[in-house]
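Heads up: the structure comes next, in structure tokens.
The values are calculated or read from the model by the stated rules, or taken from the named source; none is laboratory data. All of these numbers come straight from a predicted model, not from anything done at the bench. Quick reminder, even Gly has a Cβ in these numbers, built from the backbone with ideal geometry, and neighbours come from all protein chains shown. The protein model used for the area step is the full one, side chains on, heavy atoms only, and it has no ligands, DNA or RNA in it. Shrake-Rupley method; radii C 1.70, N 1.55, O 1.52, S 1.80 Å.
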Amino acid sequence: MRIVKLTPRIEKWLHARRARQDEKAQSVAAEIVADVRKRGDAALFAWTKKLDHFDPARVGVWISRKEIRSAERHVSPTFLNAIRRAARNVRGVSEKQLPRPWSFESEPGVRISQRVSPIESIGCYIPGGHFSLVSTLIMTAVPAQVAGVSRIVAVCPGPNPELLAAAELLGIEEIAHIGGAQAIAALAYGTRSIPRVEKIFGPGNKYVTAAKQLVSGDCAIDLPAGPTEAIVLAAEGNARWIAADLLAQAEHAKDAASFFVTTSRSLAREVQREIGWQLGELPFGMARVSIEHAGAILVADSLDQACEFVDRFAPEHLSLPENAEKLLKKIKSAGTVFIGPWGAQPLGDYATGSNHVLPTGGWARKRGGLSAADFVKCISVQTISRKGFLHLADTVETLAESEGLMAHRTAVRVRR
């Protein structure tokens, strides 16, 4: 892992690299989405066979209920208990996040209330590959259940027994063996095999993220949650623990970006050595690739400079192992923040209850991570009595006239 001095030029290069990756993915995803939208199942099956080496035309798209029910026999009781505990914690946090109905009298005779209604149908994208991300099913399906969503569909390019057992435990019955940008297009527009949904949730690679943004004009999405990003910001601390957190996020994908930002060159060298040692203890995988090609140790001149960089970068994950209270005051944008040396980032990925579907690519400057609020619609209801009408009539007529909207004025005046 390279040690680089944090300069305006390096920061500009990091932002530009992230933007270039997005542009390439947009082009590829656009071709796939347009094809599935036009040709439906024929395109969905063709792209799945080409990219995932799975033929849904021959085997079928949907995992059978029998296969889902029988999956528990292929996993350990320890695994099932871990799913129960993680789901319980996510459920508890989701219940706190859920918007509540309320009612308020803004004027005598004018009552505004909020009605909270669940989205009717959602799609949960579960990243696959060598292993299905079981944790993502928990992070998307459990908040949906808390919100009261009636139809929850999961799609995964490689559902394994662990994912199917978790689905059975959570009560998820619809799982399709598809993934990639083609799965996003199928959920958004519908095909003969895949009915469309109202909103799509879940993280994915850069092509999945690009596809979600492309379909967002026709089907709602949660947020752009693409390749993992992690920053650890510290001027002191346990180098072994810092290195472990960086590698934990780096192993997600070859384009996962892990950065250690510090003002201490000696700590930078310690972390660099630790990363080398820990890589030697890990099986060969994505962590080695991404840590060398997408990660870096950035040495800042001051903590103020370091915090300003972190805030502009707006990382998905941010760890503040030391002096957290002081540093947190300087940070306004991050998907999630881990406080203190014991805040190992994988705890949040799996089981603290906080959601791991988080904004990437700088989107943390605009919004936070996934919550139960993303699964509902807050509908305003306006109840106006004659008394309330008379209180507001003059005000509304005046404002309507100022905008030249005479029919607005008339709709009030005829009721006098």
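List of remarks:
- Here the translational diffusion coefficient of segment 278-367 follows from Stokes-Einstein with Rh set to the Kirkwood radius across Cα pairs; for 25 °C and 0.890 mPa s it amounts to 168 µm²/s.
- In this simple spin-label approximation, K330 and R20 carry label points 7 Å from Cα along the Cα→Cβ vector, and these lie 3.0 nm apart.
- Antiparallel bridge percentage (DSSP; both residues within the chain; nearest 5): 30
- Calculated P(r) of the chain - Cα pairs past 35 Å, %: 38
- Among P224, G388, S150 - extreme Cα towards positive end, dipole of the chain, charges at beta-carbon: G388
- For segment 38-188, the C-alpha radius of gyration sits at 1.27 times the compact-globule guess of 2.2 N^0.38 Å, with N the residue count.
- Mean-square fluctuations from a GNM of the chain, with a 10 angstrom spring cutoff on Cα atoms, peak among D374, D245, D301 at D301.
- Cα centroid separation, segment 63-114 to segment 244-269 (Å): 33
- Whole-Hz Karplus values for segment 151-158 come out as 10, 10, 10, 10, 10, 8, x, x Hz, taken residue by residue from phi with 6.51 cos²θ - 1.76 cosθ + 1.60 and θ = phi - 60°; glycine and proline positions read x.
- Estimated FRET transfer efficiency (I379, V414; beta-carbon r; R0 25 Å; 0.05): 0.35
- Test item: Cα-centred dipole of the chain, Lys/Arg +1 and Asp/Glu -1 on Cβ, debye: 720
- With all pairs of different C-alpha atoms in the average, the Kirkwood value for the hydrodynamic radius of segment 194-287 is 15.3 Å.
- The stretch between S27 and R84 holds 16.5 nm of extra length on full extension. This uses 0.36 nm per residue minus the Cα-Cα distance.
- Zone of H391's modelled label, taken as backbone nitrogen in segment 109-140 under 12 Å from a point 7 Å along Cα→Cβ: 109-112
- Signed unit charges on C-beta, dipole axis of the chain, positive-most listed residue P108, V261, W13: P108
- Solvent-accessible area per residue, Å², over the chain with all protein chains present [probe radius 1.4 Å]: 48
- Within segment 268-416: Cβ-based charge dipole about Cα centre, in debye rounded to nearest 20 (Lys, Arg +1; Asp, Glu -1): 1040
- In this rough spin-label picture, where each label sits 7 Å from Cα along the Cβ direction, the R151-E281 distance is 4.9 nm.
- In Hz, Karplus ³J(HN,Hα) per residue of segment 235-250 (6.51, -1.76, 1.60; θ = phi - 60°; x = Gly, Pro): 9, 8, x, 7, 4, 5, 5, 4, 4, 5, 5, 4, 5, 4, 7, 5
- Between segment 289-327 and segment 349-416, the Cα center-to-center distance that results, in Å: 37
- Across segment 308-319, rounded Karplus estimates of 3J(HN,Hα) from the backbone phi angles (6.51 cos²θ - 1.76 cosθ + 1.60, θ = phi - 60°) give 5, 5, 4, 5, 6, 6, 6, x, 5, 10, 9, 10 Hz, Gly and Pro being marked x.
- Taking only the C-alpha atoms of segment 117-189, Rg followed by Dmax gives 11.5, 37 Å.
- Percent carbon-and-sulfur accessible area, the chain, ignoring ligands, DNA and RNA, probe 1.4 Å: 53
- When the chymotrypsin sites (Phe, Trp or Tyr not before Pro) in segment 277-343 are filtered for DSSP coil states and for at most 13 other beta-carbon atoms within 10 Å of their beta-carbon, the remaining sites are F284, W342.
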